[in-house]
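Report on the structure given below.
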Amino acid sequence: NDNEAKLVRPIIIKYQLDIDLMRKFRGQVFPCPCEEWAEFVYNNRVGERFVISNSHNIDQKYDYVYGHVADGKVAVIANQYKYDKIDISSFCQQIQPKFPAKNEQLSFHTRRTLARLKFLEVIEDDSYCYRSR
């Protein structure tokens, strides 16, 4: 039955990364979800035609980017900013992660940085299970 909840068992894929080695590559680090971070998020979401500054990675000038994960409503809020319905400060506030201390990400933008990941293991942990509809 399609209406029944299904038990979802996520898996965790664990890798090791040498942070000192990553520092040798070109990177962009956003220590906080500030307006500079918001502008970077915006520029990477809207495409070259609507970019408002050089703060982006459309041209892959960075091998990696580290910073906060934006809220999932970025596309809708980016359109509001693109069509001058809100300013950059409001855009920044609206895409703030719900739990900033726990929502950081490291994204790899080139094969040479991705190749530095060392696979360790796959973890299946039932404590992460949940019911999905």
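The values are calculated or read from the model by the stated rules, or taken from the named source; none is laboratory data. Nothing here was measured: the structure is a model prediction, and the numbers come from that model. Positions of Cβ are backbone-derived with ideal geometry, glycine not excepted, and every protein chain shown enters the neighbour counts. Only protein heavy atoms, including side chains, enter the accessible area calculation; ligands, DNA and RNA are left aside. Shrake-Rupley method; radii C 1.70, N 1.55, O 1.52, S 1.80 Å.
Just wondering, is there one or more residues in the range 102-117 that are modelled with pLDDT under 85 and under 12 Å from the mean Cα position of the chain (by Cα)?
Taking every residue of the range 102-117 in turn, at least one turns out to be modelled with pLDDT under 85 and under 12 Å from the mean Cα position of the chain (by Cα).
If a residue must be over 22 Å from Asp20 (Cα atoms), open to solvent by 80 Å² or more (accessible area, probe 1.4 Å) and part of a loop (DSSP other than H, G, I, E, B), how many such residues does the range 53-106 contain?
Summing the residues that are over 22 Å from Asp20 (Cα atoms), open to solvent by 80 Å² or more (accessible area, probe 1.4 Å) and part of a loop (DSSP other than H, G, I, E, B) in the range 53-106 gives 10.
Please work out which residue is least open to solvent (accessible area, probe 1.4 Å), limiting yourself to the range 107-129 and to residues that are assigned to a strand (DSSP E or B) and among the aromatic types (Phe, Trp, Tyr).
Out of the qualifying residues, it is Phe108.
Give just the number: which of (1) closer than 27 Å to Gln16 by Cα; (2) among the acidic types (Asp, Glu); (3) at pLDDT below 90 does Glu121 not satisfy?
Going through the list (1) closer than 27 Å to Gln16 by Cα; (2) among the acidic types (Asp, Glu); (3) at pLDDT below 90, Glu121 breaks only (3).
Sort out which residues of the range 1-43 are touching a strand residue (DSSP E or B) at 6+ places or on another chain (Cβ under 9 Å) and assigned to a loop (DSSP other than H, G, I, E, B), and write them in order of number.
Answer for the range 1-43, where residues must be touching a strand residue (DSSP E or B) at 6+ places or on another chain (Cβ under 9 Å) and assigned to a loop (DSSP other than H, G, I, E, B): Ala5, Arg9, Pro10, Leu17, Asp18, Phe25, Arg26, Phe30, Pro31, Cys32, Pro33.
Being farther than 18 Å from Val74 by Cα, hydrophobic (A, V, I, L, M, F, W, C) and open to solvent by less than 60 Å² (accessible area, probe 1.4 Å) is the filter here, so list the residues in the range 15-52 that pass it.
Of everything in the range 15-52, those that are farther than 18 Å from Val74 by Cα, hydrophobic (A, V, I, L, M, F, W, C) and open to solvent by less than 60 Å² (accessible area, probe 1.4 Å) turn out to be Leu17, Leu21, Met22, Phe25.
Consider only pairs whose beta carbons are under 6 Å apart and that are at least six residues apart or on different chains; among these, list those whose first residue lies in the range 27-39 and is closer than 18 Å to Tyr62 by Cα and whose second residue is of a type in the set (Phe, Trp, Tyr) and in a helix (DSSP H, G or I).
Here the result reads Phe30/Trp37; Ala38/Phe91, each pair linking the range 27-39 to a residue that is of a type in the set (Phe, Trp, Tyr) and in a helix (DSSP H, G or I).
Does Ser132 satisfy the condition of being closer than 25 Å to Val8 by Cα, open to solvent by less than 60 Å² (accessible area, probe 1.4 Å) and polar (S, T, N, Q)?
Judged against the criteria, Ser132 is a match.
Would you pick out the residues in the range 91-133 that are in contact (Cβ under 8 Å) with a residue 40 or more places away in the chain and of a type in the set (Ser, Thr, Tyr)?
Ser107, Thr110, Thr113, Tyr128, Tyr130, Ser132
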